[in-house]
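Read the structure below first, then the notes.
The values are calculated or read from the model by the stated rules, or taken from the named source; none is laboratory data. The structure displayed is predicted, hence computed values, not measured ones. Methodologically, a virtual Cβ is constructed for each residue, glycine included, from the backbone with ideal geometry; neighbour enumeration extends over all protein chains shown.
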Amino acid sequence: MIEGILLGLDNLLQPIHLLILLVAMMIGLLGGALPGISGTMLVIILLPVSYGLDTISAFILLTTIYASSVFSGLISAILFRTPGTPEAVATVLDGYPMAQKGKPGQALGIGILSSATGGIIGTLFLIFLTPLLAAFALKFSSPEYFALAVLGLTVVVSLSGGDLIKGFIGVGLGLFVATFGMDPLTGVERFTFGRLELIGGIDLIPVLIGLFAISEVLRKSKEDHTIQQKMDKIKTKIFDREIFKRIRVTIGRSSLLGVAIGILPGVGATTAAMVSYSEATRWSKNPKEFGTGVPEGIAAPESANNAGAMGAMVPLLSLGIPGSATTAVILGAFVLHGLQPGPMLMSDSPDLVYTIFLSLLFVNVLIILFSKPFIMAFSKIMKVPYSVLGPAIVIFCIIGTYAVRNSVFDIWIMLLFGVLGFYLDKMKFPLAAVILGVVLGPIAEEEFRRGLQMANGDLSIFFTRPISATLLGLALLALILPLLNRFRKKTGAAS
Amino acid sequence: MTAKLKTRSFLMVVATLVLLVTSACANSAGGSANGDAESYPDQEIQVYVGHGPGGGTDTFVRTITDIMADSMDADFNIINKEGGSGVIAMQTAMQEKSDGYTLVGDSAYAVTTAAGTNEYGLDEVKPIARVQSDTYALQVKNGSFESIDELVSYAKENPGEVRLGAVGTMGIDEITARRFIKETGAEMNYVPMEGAGQMHSDLLGGHIDVILEEVGPTASYIEEGEFQPLVFFAEERLDDFPDVPTTIENGWDLTDGVERYLMIHADAPQEIVDLLEEEAKKAMETEKYQKYAADAYLDLRDGWMGSEEFTEKLKQDIEKYEKIVEDIK
């Protein structure tokens, strides 16, 4: 491991990589802070750019953006009651009231300190846990990969936020999109309608950009754009001894909770933040004060979401299961760069994995230094109206999509999915579920059929191999438990 | 009222921009179709590879284009499009312009054409040159089977039990694997793998029993004593593996191996094709390439074959494989 860390450090300290890291951090901070641009969207927009970079630079770029955007979502959550990223939803609850009480600087300071601490704790867990999980590498073959993909697909339960049926329809739609193109095992063409462009299947990038970025722009364009409040000079104080004394236990507990939740495949940083906010309330001596602007109410979700975001990288890097929408996109990025995240990644590309680890660690430290000047600069950028910002995003999307394979057809695909995404979102279909299907569908299909072939067509291969059986069992549980819970609640309410 | 107006003007701005950008893209795509041989190359050359990174074909393309890039002062961009034994890469490449800036690194053209999965005939795509003619081996995990005879007799006694992995479907790997099964009567279960990396880890982990693979990509495993080649698909024993028997020795007429070559649109300017052929030959003769070939056991046979000669060979191979594919089906 020491060797890997040195290798990663060596990579990271190259000037070009440091530069990419800094630029990416700036982009991430800015995007995360702006409501309407989520980390997922940023990673998606920059995915085509990463295509032109070497693998190491590409993943420094994407993971840094991921980490810093999760962080900066708190800024607009505290100042404008609009979470900059979904992960900062819970931060609004106490952050905004505190800012309203005339202490926006203090609120921001608590958020920054908690975020950075949570992020660092999360990254340390990432560094130590990933190799442990990846040690299973050689035990994995097609049946296990199939089972992993299925387990990954069950994430839909937590992604669909209550409406399971819509979640399942979403995943189904994604899986359907994944079947387009040539059958990987027999070469038979499916749903190509005689179009050559469709033989290679529907590319992941246009679907991602369309569903997330374009639909979001469309949605925002219908909203009221008058939130541009005045940002007065804010004095951010990051470290305050008394406040720190008060919240350090909360930070510690929430960080650990955040990592633990983040590691669970399919439960991302947003869930981590919500859960740890409610835990902080439960553990507090004055639970009634929550929601009025208490420091713990900011510290808990902020340390948890950053820790959770780092934790979500553990299943991604060691098993190839995305823990959230953004990590699902990063999973896609690995595939596009010709890498398969999963047990073999650690042994095949240790330099890449350790560089990712170290850049995440580095970013979380840098955030403390850069957040103050950033918040100052940000107050100016907030004056750019969305009628300029929105179209600019659309242009980035179009150029980005076209650049991937020089295909105009892909632009149409992207716009189509943009409109589709807009309506799906309007009807409360979880878009991340669709992406889940698109990303994991091909893996599930191919490995299932290969597994069957290995066993001469005997389905029992998936249940007789211990790892595969365990994973499928977990997948079943992941599906049944929430249903059971709901059933219990319903009957409870009835009686 | 103003909010509504704002929304409307916003949407119009978006719509105009979308139209602008898409039409710009469409123009550039349909623009200058005929490449200029004089100034070639004045932009990046795209090379589509139908196999995963790290495999034989991918390494070949990366190595040769790397040397060619230096000598031609050009940039090569390698794009891996896995699936269908290179058919998807071919199809993607054939949708690009025929200006000489899109190449295909292939190794299964004859087979995929014979099998009907590839629909681009030699009138639409032509070889620049064949650079490698590789040698197959059946390899097992060290300690599982001692010799090829043991493997074959075990497979005969337990039909369908031995899992034989090779990369791809209806590619030269599968054809060779199936010809082997037919020729020896050793009934094995053919499992198509997604790529070389997956196949190697599956053999290491004991999820499959035998792989059909060249010794180059597995050289490190063989040196570490993890893998053991049991038989080479060759006429004579190889200098590097004097103890490993050949198919011909055992009376099996199977010596075809993977050939690796670069292809290009058939209507790309001839000057460009000639230039690339010449550059490929020069690259192949460099010390750097020769060292790579020797290290990866790629010099077991003479690889070079020029564009015209290789076109003829491909024609004959397609005919030959059409018959074999018919037989296998």
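Scan segment B:77-112 for residues that are polar (S, T, N, Q), outside any loop (DSSP other than H, G, I, E, B) and modelled with pLDDT under 90 and jot them down. Break it down into steps so the answer makes sense when it comes.
Narrowing segment B:77-112 to residues polar (S, T, N, Q): B:77, B:80, B:85, B:91-92, B:95, B:98, B:102, B:107, B:112.
Okay, now just the ones that are also outside any loop (DSSP other than H, G, I, E, B), so B:77, B:80, B:85, B:91-92, B:102, B:112.
Passing the criteria: B:77, B:80, B:85, B:91, B:92, B:112.
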Neighbours by Cβ (under 7 Å, 6+ apart or cross-chain): first from segment B:298-320, closer than 14 Å to residue B:111 by Cβ; second of a type in the set (Gly, Ala, Ser) and at pLDDT below 95: B:314/B:110; B:317/B:110; B:318/B:110; B:318/B:114
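I need the helices (runs of 4 or more DSSP H) fully contained in segment A:334-452, keeping only those with at least 2 residues that are surrounded by fewer than 22 Cβ atoms within 10 Å (Cβ to Cβ) and more than 13 Å from chain B (Cβ to nearest Cβ). Talk me through it step by step, then tell me what you get.
Working: elements: A:343-348, A:350-381, A:386-405, A:408-426.
Qualifying helices (runs of 4 or more DSSP H): A:350-381, A:408-426.
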Counted residues, segment A:1-30 - those being assigned to a loop (DSSP other than H, G, I, E, B) and under 24 Å from the mean Cα position of the chain (by Cα): 0
Candidate set: segment B:115-132, residues that are at pLDDT 90 or above and small (Gly, Ala, Ser); chosen: the one farthest from residue A:182 (Cα to Cα): B:129
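Determine whether residue A:349 is out of contact with any Cys (no Cβ under 7 Å at 6 or more places or on another chain), more than 30 Å from residue A:217 (Cα to Cα) and not hydrophobic (A, V, I, L, M, F, W, C). Please lay out each step first, then the result.
Values: out of contact with any Cys (no Cβ under 7 Å at 6 or more places or on another chain): yes; more than 30 Å from residue A:217 (Cα to Cα): yes; not hydrophobic (A, V, I, L, M, F, W, C): yes.
Judged against the criteria, residue A:349 is a match.
Looking only at segment B:137-190, count how many residues are assigned to a helix (DSSP H, G or I) and of a type in the set (Phe, Trp, Tyr). Working first, answer last.
Initial filter on segment B:137-190 (assigned to a helix (DSSP H, G or I)): B:148-157, B:172-184.
Right, trim to of a type in the set (Phe, Trp, Tyr) and you get B:154, B:180.
The total comes to 2.
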Output for segment A:396-419, where each listed residue is modelled with pLDDT of 85 or more and of a type in the set (Val, Ile, Thr): A:398, A:411, A:413, A:419
Residues of segment B:199-229 satisfying the condition of being under 18 Å from residue A:140 (Cα atoms) and under 16 Å from the mean Cα position of the chain (by Cα): B:199
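Among the candidates B:99, B:134, B:149, B:123, which residue alone is of a type in the set (Asp, Glu) and either touching an Asp or Glu at 6+ places or on another chain (Cβ under 6 Å) or surrounded by 23 or more Cβ atoms within 10 Å (Cβ to Cβ) (or both)?
B:134
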Residue that is farthest from residue B:325 (Cα to Cα) [pool: residues in segment B:149-202 that are aliphatic (A, V, I, L, M) and within 9 Å of chain A (Cβ to nearest Cβ)]: B:193
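Output the number of residues of segment A:51-62 satisfying the condition of being over 15 Å from residue A:11 (Cα atoms) and part of a helix (DSSP H, G or I). Write out each step before concluding.
From segment A:51-62, those over 15 Å from residue A:11 (Cα atoms) are A:51-52, A:62; that's our starting set.
Next, from what is left, pick out any that are part of a helix (DSSP H, G or I): A:51, A:62.
Qualifying residue count for the region: 2.
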Residues that are closer than 25 Å to residue B:240 by Cα and buried (at least 18 other Cβ atoms within 10 Å of the Cβ), drawn from segment B:253-295: B:254, B:256, B:257, B:258, B:259, B:260, B:261, B:283, B:284, B:289, B:292, B:293
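Out of everything in segment A:185-215 that is part of a helix (DSSP H, G or I) and free of Cβ contacts under 8 Å to residues at least 40 places away in the same chain, what residue ends up being nearest to the other protein chains (Cβ to nearest Cβ)? Spell out how you get there, then give the answer.
First, the residues of segment A:185-215 that are part of a helix (DSSP H, G or I): A:196-198, A:204-215.
The next check asks that each one be free of Cβ contacts under 8 Å to residues at least 40 places away in the same chain; those that pass are A:196, A:198.
On the way: A:196: 6, A:198: 10 Å.
Selected residue: A:196.
What number of residues in segment A:182-221 are among the aromatic types (Phe, Trp, Tyr) and within 22 Å of the chain's Cα centre (by Cα)?
Within segment A:182-221, the subset among the aromatic types (Phe, Trp, Tyr) is A:191, A:193, A:212.
Narrowing the set further to residues that are within 22 Å of the chain's Cα centre (by Cα) leaves A:212.
Counting residues in segment A:182-221 that are among the aromatic types (Phe, Trp, Tyr) and within 22 Å of the chain's Cα centre (by Cα) gives 1.
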Tally of residues being in a loop (DSSP other than H, G, I, E, B) and within 14 Å of chain A (Cβ to nearest Cβ) across segment B:203-236: 8
Flag if residue A:263 is touching a Pro at 6+ places or on another chain (Cβ under 7 Å) and surrounded by 14 or more Cβ atoms within 10 Å (Cβ to Cβ): yes
